[in-house]
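Following: one structure in C-alpha coordinates, then a few remarks.
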Amino acid sequence: MTDHTPEARAERRALLETLQPRLEGVGRRTLLRQGLSLGALTMLSGCNLADGDAVDRVLLAMSRFNDRVQAALFSRTRLAPTYAASRITRPFPFNAFYPIDNAPDLDEDDWKLEVSGLVSDRTPWTVQRLRALPQRSQITRLICVEGWSAIGQWSGVPFSRFLHEVGADTTARYVGFKCADRYYSSIDMQSALHPQTIMALDFENKPLPTGFGYPMRLRIPTKLGFKNPKFIAAVFVTNTYPGGYWEDQGYNWFSGS
Ligand SMILES: Nc1nc2c(c(=O)[nH]1)N[C@H]1C(S)=C(S)[C@@H](COP(=O)(O)O)O[C@H]1N2
Ligand SMILES: [Mo]
(Lines give C-alpha, C1' and ligand atoms only; values in the text may rest on other atoms or scores of the structure.)
(Ligands and ions follow the chains in the order given, each with its own letter.)
Protein backbone atom coordinates (compact mmCIF):
# COMPACT_ATOMS: atom_id res chain seq x y z
CA MET A 1 0.00 0.00 0.00
CA THR A 2 1.26 3.46 -0.82
CA ASP A 3 1.86 5.79 2.10
CA HIS A 4 0.14 9.12 1.32
CA THR A 5 1.34 11.19 4.28
CA PRO A 6 3.01 14.46 3.20
CA GLU A 7 6.34 13.19 4.66
CA ALA A 8 6.20 9.96 2.66
CA ARG A 9 5.30 11.83 -0.52
CA ALA A 10 8.12 14.32 -0.01
CA GLU A 11 10.54 11.46 0.55
CA ARG A 12 9.43 9.72 -2.65
CA ARG A 13 9.77 12.96 -4.60
CA ALA A 14 13.29 13.52 -3.18
CA LEU A 15 14.28 9.95 -4.09
CA LEU A 16 12.99 10.39 -7.63
CA GLU A 17 14.88 13.64 -7.99
CA THR A 18 18.19 12.06 -6.97
CA LEU A 19 17.65 9.04 -9.19
CA GLN A 20 16.27 10.70 -12.30
CA PRO A 21 19.54 12.05 -13.72
CA ARG A 22 21.10 8.63 -13.30
CA LEU A 23 18.19 6.70 -14.78
CA GLU A 24 17.55 8.96 -17.72
CA GLY A 25 19.64 8.02 -20.70
CA VAL A 26 20.70 4.75 -19.06
CA GLY A 27 17.27 3.20 -19.47
CA ARG A 28 16.69 4.57 -22.91
CA ARG A 29 20.15 3.52 -24.15
CA THR A 30 19.82 0.03 -22.68
CA LEU A 31 16.47 -0.50 -24.37
CA LEU A 32 17.62 0.89 -27.70
CA ARG A 33 20.70 -1.33 -27.69
CA GLN A 34 18.36 -4.30 -27.42
CA GLY A 35 16.45 -3.03 -30.44
CA LEU A 36 13.42 -2.15 -28.36
CA SER A 37 11.36 0.93 -27.85
CA LEU A 38 9.33 1.94 -24.84
CA GLY A 39 6.32 1.27 -27.06
CA ALA A 40 7.40 -2.35 -27.46
CA LEU A 41 7.56 -2.65 -23.70
CA THR A 42 4.04 -1.29 -23.30
CA MET A 43 2.78 -3.79 -25.84
CA LEU A 44 4.30 -6.68 -23.92
CA SER A 45 1.29 -7.05 -21.63
CA GLY A 46 -0.97 -7.77 -24.58
CA CYS A 47 1.49 -9.37 -26.97
CA ASN A 48 1.41 -12.79 -28.49
CA LEU A 49 3.31 -15.04 -26.10
CA ALA A 50 3.97 -17.53 -28.90
CA ASP A 51 6.89 -15.34 -29.94
CA GLY A 52 9.10 -16.63 -27.11
CA ASP A 53 12.31 -15.08 -28.44
CA ALA A 54 10.91 -11.56 -28.53
CA VAL A 55 9.41 -11.95 -25.07
CA ASP A 56 12.73 -13.27 -23.75
CA ARG A 57 14.55 -10.33 -25.28
CA VAL A 58 12.18 -7.83 -23.71
CA LEU A 59 12.39 -9.53 -20.31
CA LEU A 60 16.18 -9.67 -20.49
CA ALA A 61 16.31 -5.97 -21.41
CA MET A 62 14.06 -5.21 -18.45
CA SER A 63 16.25 -7.29 -16.14
CA ARG A 64 19.42 -5.55 -17.34
CA PHE A 65 17.70 -2.17 -16.94
CA ASN A 66 16.74 -3.28 -13.46
CA ASP A 67 20.46 -4.02 -12.79
CA ARG A 68 21.23 -0.36 -13.46
CA VAL A 69 18.42 0.83 -11.18
CA GLN A 70 19.57 -1.47 -8.38
CA ALA A 71 23.19 -0.36 -8.85
CA ALA A 72 22.12 3.30 -8.69
CA LEU A 73 20.21 2.62 -5.45
CA PHE A 74 22.99 0.53 -3.89
CA SER A 75 24.87 2.30 -1.14
CA ARG A 76 28.34 1.21 -0.16
CA THR A 77 27.73 2.45 3.37
CA ARG A 78 24.39 0.70 3.95
CA LEU A 79 25.02 -2.50 5.85
CA ALA A 80 23.20 -5.84 5.74
CA PRO A 81 21.75 -6.85 9.14
CA THR A 82 23.98 -8.80 11.52
CA TYR A 83 22.79 -11.21 14.23
CA ALA A 84 23.66 -12.59 17.66
CA ALA A 85 25.48 -15.96 17.78
CA SER A 86 22.34 -17.49 19.35
CA ARG A 87 20.52 -16.95 16.03
CA ILE A 88 22.90 -19.14 13.96
CA THR A 89 21.02 -21.78 11.96
CA ARG A 90 22.06 -25.36 12.74
CA PRO A 91 22.48 -27.44 10.75
CA PHE A 92 23.27 -24.91 8.05
CA PRO A 93 21.65 -25.86 4.71
CA PHE A 94 23.82 -26.86 1.75
CA ASN A 95 22.92 -25.76 -1.75
CA ALA A 96 24.50 -26.23 -5.16
CA PHE A 97 23.43 -27.33 -8.63
CA TYR A 98 24.29 -30.92 -7.55
CA PRO A 99 23.98 -33.02 -4.36
CA ILE A 100 26.50 -32.51 -1.52
CA ASP A 101 28.34 -35.79 -2.25
CA ASN A 102 29.46 -34.31 -5.57
CA ALA A 103 30.97 -31.17 -4.01
CA PRO A 104 34.64 -30.68 -4.88
CA ASP A 105 36.97 -32.05 -2.21
CA LEU A 106 39.89 -29.65 -2.46
CA ASP A 107 43.25 -29.81 -0.73
CA GLU A 108 44.43 -26.57 0.84
CA ASP A 109 48.07 -27.42 0.06
CA ASP A 110 47.40 -27.76 -3.70
CA TRP A 111 44.92 -24.88 -3.90
CA LYS A 112 45.98 -21.68 -5.64
CA LEU A 113 43.78 -18.69 -6.34
CA GLU A 114 44.43 -17.30 -9.82
CA VAL A 115 44.12 -13.53 -10.33
CA SER A 116 43.76 -11.96 -13.76
CA GLY A 117 42.32 -9.08 -15.78
CA LEU A 118 42.70 -5.44 -14.76
CA VAL A 119 45.14 -5.98 -11.87
CA SER A 120 48.80 -5.05 -11.51
CA ASP A 121 49.87 -8.22 -9.63
CA ARG A 122 48.81 -11.60 -11.02
CA THR A 123 50.72 -13.72 -8.52
CA PRO A 124 48.46 -16.63 -7.44
CA TRP A 125 47.43 -16.66 -3.76
CA THR A 126 47.72 -19.46 -1.22
CA VAL A 127 45.41 -19.90 1.79
CA GLN A 128 48.36 -19.07 4.04
CA ARG A 129 48.85 -15.71 2.34
CA LEU A 130 45.14 -14.91 2.60
CA ARG A 131 45.20 -15.76 6.31
CA ALA A 132 48.11 -13.34 6.80
CA LEU A 133 45.83 -10.43 5.77
CA PRO A 134 43.44 -8.81 8.30
CA GLN A 135 40.27 -10.88 8.83
CA ARG A 136 36.69 -9.78 9.40
CA SER A 137 34.06 -11.95 11.09
CA GLN A 138 30.31 -11.43 10.73
CA ILE A 139 27.04 -13.21 11.45
CA THR A 140 24.69 -12.60 8.53
CA ARG A 141 21.74 -14.14 6.72
CA LEU A 142 22.16 -16.01 3.44
CA ILE A 143 18.99 -15.75 1.34
CA CYS A 144 18.44 -18.27 -1.47
CA VAL A 145 15.99 -17.53 -4.30
CA GLU A 146 14.63 -21.04 -3.86
CA GLY A 147 12.77 -19.79 -0.79
CA TRP A 148 14.92 -20.44 2.26
CA SER A 149 17.34 -18.39 4.30
CA ALA A 150 19.78 -19.19 7.08
CA ILE A 151 22.02 -17.29 9.49
CA GLY A 152 25.70 -18.19 9.68
CA GLN A 153 29.04 -16.86 10.83
CA TRP A 154 31.72 -16.39 8.20
CA SER A 155 35.19 -14.88 8.62
CA GLY A 156 37.81 -13.94 6.10
CA VAL A 157 39.59 -11.22 4.17
CA PRO A 158 37.62 -8.05 3.34
CA PHE A 159 37.44 -8.27 -0.45
CA SER A 160 38.25 -4.55 -0.85
CA ARG A 161 41.54 -5.18 0.96
CA PHE A 162 42.35 -8.06 -1.40
CA LEU A 163 41.50 -5.94 -4.47
CA HIS A 164 43.90 -3.27 -3.25
CA GLU A 165 46.60 -5.90 -2.57
CA VAL A 166 46.49 -7.10 -6.19
CA GLY A 167 46.38 -3.55 -7.55
CA ALA A 168 42.91 -3.96 -9.06
CA ASP A 169 41.56 -1.16 -11.23
CA THR A 170 38.64 -0.28 -8.97
CA THR A 171 37.13 1.92 -11.69
CA ALA A 172 36.46 -1.29 -13.68
CA ARG A 173 32.85 -2.44 -13.79
CA TYR A 174 32.94 -6.12 -12.81
CA VAL A 175 34.70 -8.72 -10.72
CA GLY A 176 34.25 -12.28 -11.99
CA PHE A 177 34.73 -15.62 -10.22
CA LYS A 178 35.41 -19.12 -11.54
CA CYS A 179 34.87 -22.09 -9.23
CA ALA A 180 36.32 -25.59 -8.97
CA ASP A 181 32.88 -27.11 -9.73
CA ARG A 182 32.48 -25.12 -12.99
CA TYR A 183 30.13 -22.68 -11.25
CA TYR A 184 30.83 -19.04 -12.05
CA SER A 185 29.43 -15.64 -11.16
CA SER A 186 30.24 -11.94 -11.18
CA ILE A 187 29.45 -8.79 -9.22
CA ASP A 188 29.60 -5.02 -9.76
CA MET A 189 32.66 -3.18 -8.41
CA GLN A 190 30.66 -1.14 -5.87
CA SER A 191 29.37 -4.35 -4.26
CA ALA A 192 32.88 -5.88 -4.43
CA LEU A 193 34.19 -2.93 -2.40
CA HIS A 194 31.35 -3.05 0.17
CA PRO A 195 32.82 -3.47 3.71
CA GLN A 196 30.79 -6.65 4.39
CA THR A 197 31.96 -8.43 1.23
CA ILE A 198 34.55 -10.97 2.37
CA MET A 199 36.60 -13.86 0.99
CA ALA A 200 35.43 -16.31 3.62
CA LEU A 201 37.92 -18.91 4.85
CA ASP A 202 36.16 -19.86 8.10
CA PHE A 203 32.66 -20.89 9.09
CA GLU A 204 32.01 -20.62 12.84
CA ASN A 205 35.73 -20.04 13.44
CA LYS A 206 36.83 -23.24 11.69
CA PRO A 207 37.93 -23.74 8.06
CA LEU A 208 34.88 -23.91 5.75
CA PRO A 209 33.39 -27.41 5.63
CA THR A 210 33.89 -29.22 2.29
CA GLY A 211 30.45 -28.62 0.79
CA PHE A 212 30.39 -25.01 1.92
CA GLY A 213 33.20 -23.75 -0.25
CA TYR A 214 36.47 -24.99 1.24
CA PRO A 215 39.00 -23.49 1.07
CA MET A 216 37.52 -20.11 0.03
CA ARG A 217 34.13 -18.70 -0.97
CA LEU A 218 32.75 -15.24 -1.43
CA ARG A 219 30.37 -14.12 1.32
CA ILE A 220 28.41 -11.08 0.22
CA PRO A 221 25.43 -10.49 2.53
CA THR A 222 24.08 -7.65 0.35
CA LYS A 223 23.30 -10.15 -2.43
CA LEU A 224 21.26 -13.34 -2.86
CA GLY A 225 22.84 -16.75 -2.17
CA PHE A 226 23.65 -17.58 -5.77
CA LYS A 227 25.94 -14.50 -5.92
CA ASN A 228 28.09 -16.14 -3.18
CA PRO A 229 30.38 -18.46 -5.20
CA LYS A 230 32.01 -21.34 -3.30
CA PHE A 231 35.29 -23.24 -4.06
CA ILE A 232 36.67 -20.19 -5.87
CA ALA A 233 39.60 -20.99 -8.16
CA ALA A 234 40.02 -17.70 -10.03
CA VAL A 235 39.16 -14.02 -9.66
CA PHE A 236 39.28 -11.51 -12.52
CA VAL A 237 38.61 -7.79 -12.93
CA THR A 238 37.00 -6.70 -16.19
CA ASN A 239 34.83 -4.22 -18.05
CA THR A 240 33.27 -7.02 -20.12
CA TYR A 241 30.03 -8.38 -18.61
CA PRO A 242 30.94 -11.87 -17.31
CA GLY A 243 27.44 -13.22 -16.45
CA GLY A 244 27.14 -16.29 -14.24
CA TYR A 245 25.84 -19.86 -13.98
CA TRP A 246 22.30 -18.88 -12.91
CA GLU A 247 22.48 -15.33 -14.31
CA ASP A 248 22.93 -16.78 -17.82
CA GLN A 249 19.76 -18.84 -17.30
CA GLY A 250 17.71 -15.72 -16.62
CA TYR A 251 18.22 -14.92 -12.95
CA ASN A 252 18.56 -11.18 -12.42
CA TRP A 253 22.29 -10.35 -12.43
CA PHE A 254 22.44 -7.64 -9.69
CA SER A 255 20.24 -9.62 -7.26
CA GLY A 256 20.67 -7.48 -4.17
CA SER A 257 19.05 -8.86 -1.04
N1 LIG B 1 30.69 -23.10 -6.55
C2 LIG B 1 29.37 -22.94 -6.26
N3 LIG B 1 28.99 -21.89 -5.53
C4 LIG B 1 27.68 -21.72 -5.23
C5 LIG B 1 26.68 -22.60 -5.72
C6 LIG B 1 27.11 -23.70 -6.51
O7 LIG B 1 26.32 -24.52 -7.01
N8 LIG B 1 28.46 -23.84 -6.77
N9 LIG B 1 25.35 -22.38 -5.37
C10 LIG B 1 24.98 -21.04 -4.90
C11 LIG B 1 23.67 -20.97 -4.26
S12 LIG B 1 22.30 -21.04 -5.28
C13 LIG B 1 23.52 -20.77 -2.91
S14 LIG B 1 22.00 -20.52 -2.19
C15 LIG B 1 24.70 -20.79 -2.00
C16 LIG B 1 24.51 -21.84 -0.92
O17 LIG B 1 25.57 -21.79 -0.01
P18 LIG B 1 25.63 -22.84 1.18
O19 LIG B 1 25.82 -24.21 0.58
O20 LIG B 1 26.80 -22.40 2.01
O21 LIG B 1 24.33 -22.75 1.93
O22 LIG B 1 25.91 -21.05 -2.69
C23 LIG B 1 26.01 -20.43 -3.97
N24 LIG B 1 27.36 -20.66 -4.44
MO1 LIG C 1 20.59 -20.24 -4.01
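The values are calculated or read from the model by the stated rules, or taken from the named source; none is laboratory data. No experiment lies behind these values; they were computed from the predicted model shown. Methodologically, a virtual Cβ is constructed for each residue, glycine included, from the backbone with ideal geometry; neighbour enumeration extends over all protein chains shown. Protein only, heavy atoms only, side chains kept; ligands, DNA and RNA dropped before computing areas. Shrake-Rupley method; radii C 1.70, N 1.55, O 1.52, S 1.80 Å.
Remarks
- Filtered residues of segment 76-122 (kept if in a helix (DSSP H, G or I) and small (Gly, Ala, Ser)): ALA85, SER86
Condition check ((1) modelled with pLDDT under 85; (2) touching a Phe, Trp or Tyr at 6+ places or on another chain (Cβ under 7 Å); (3) exposed (fewer than 12 other Cβ atoms within 10 Å of the Cβ)) across all residues:
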site: LEU41; (1), (2), (3): yes, no, no
site: ASN48; (1), (2), (3): yes, no, yes
site: ALA54; (1), (2), (3): yes, no, no
site: LEU60; (1), (2), (3): no, no, no
site: PHE65; (1), (2), (3): no, no, no
site: PHE74; (1), (2), (3): no, no, no
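- Residues of segment 146-160 satisfying the condition of being surrounded by 15 or more Cβ atoms within 10 Å (Cβ to Cβ) and out of contact with any strand residue (DSSP E or B) (no Cβ under 8 Å at 6 or more places or on another chain): SER160
- Of all the listed residues (LYS223, LYS230), the sole one being in contact with a Lys or Arg (Cβ under 6 Å, 6 or more places away or on another chain), within 16 Å of ligand 2 (Cβ to nearest atom) and basic (Lys, Arg) is LYS230.
- Every condition in (1) within 16 Å of ligand 2 (Cβ to nearest atom); (2) over 22 Å from the mean Cα position of the chain (by Cα); (3) buried (at least 16 other Cβ atoms within 10 Å of the Cβ) is met by VAL127 except one, and the failing one is (1).
- Residue match in segment 245-257 (condition: of a type in the set (S, T, N, Q), within 13 Å of ligand 1 (Cβ to nearest atom), open to solvent by 30 Å² or more (accessible area, probe 1.4 Å) and outside any helix (DSSP H, G or I)): yes
- The residues in segment 125-178 that are without any contact (Cβ under 8 Å) to a residue 24 or more places away in the chain and of a type in the set (A, V, I, L, M) can be counted, and the count is 1.
- The strands (runs of 3 or more DSSP E) found entirely in segment 145-215 that carry 3 or more residues being modelled with pLDDT of 95 or more and away from ligand 2 (no atom under 16 Å from the Cβ) are 148-158, 174-179, 198-203.
- Checking each residue in segment 83-93 for being within 11 Å of ligand 1 (Cβ to nearest atom) and open to solvent by 50 Å² or more (accessible area, probe 1.4 Å) picks out only PRO91.
- Any pair with Cβ under 7 angstrom, 6 or more apart, that starts in segment 225-242 at a residue that is in the same structural domain as THR171 (by TED's automatic domain parsing) and of a type in the set (Phe, Trp, Tyr) and ends at one that is near ligand 1 (Cβ under 6 Å from one of its atoms) and open to solvent by 10 Å² or more (accessible area, probe 1.4 Å): PHE231/CYS179; PHE231/ASP181
- Filter pass, GLU165 being more than 16 Å from ligand 1 (Cβ to nearest atom), open to solvent by 50 Å² or more (accessible area, probe 1.4 Å) and of a type in the set (Asp, Glu): yes
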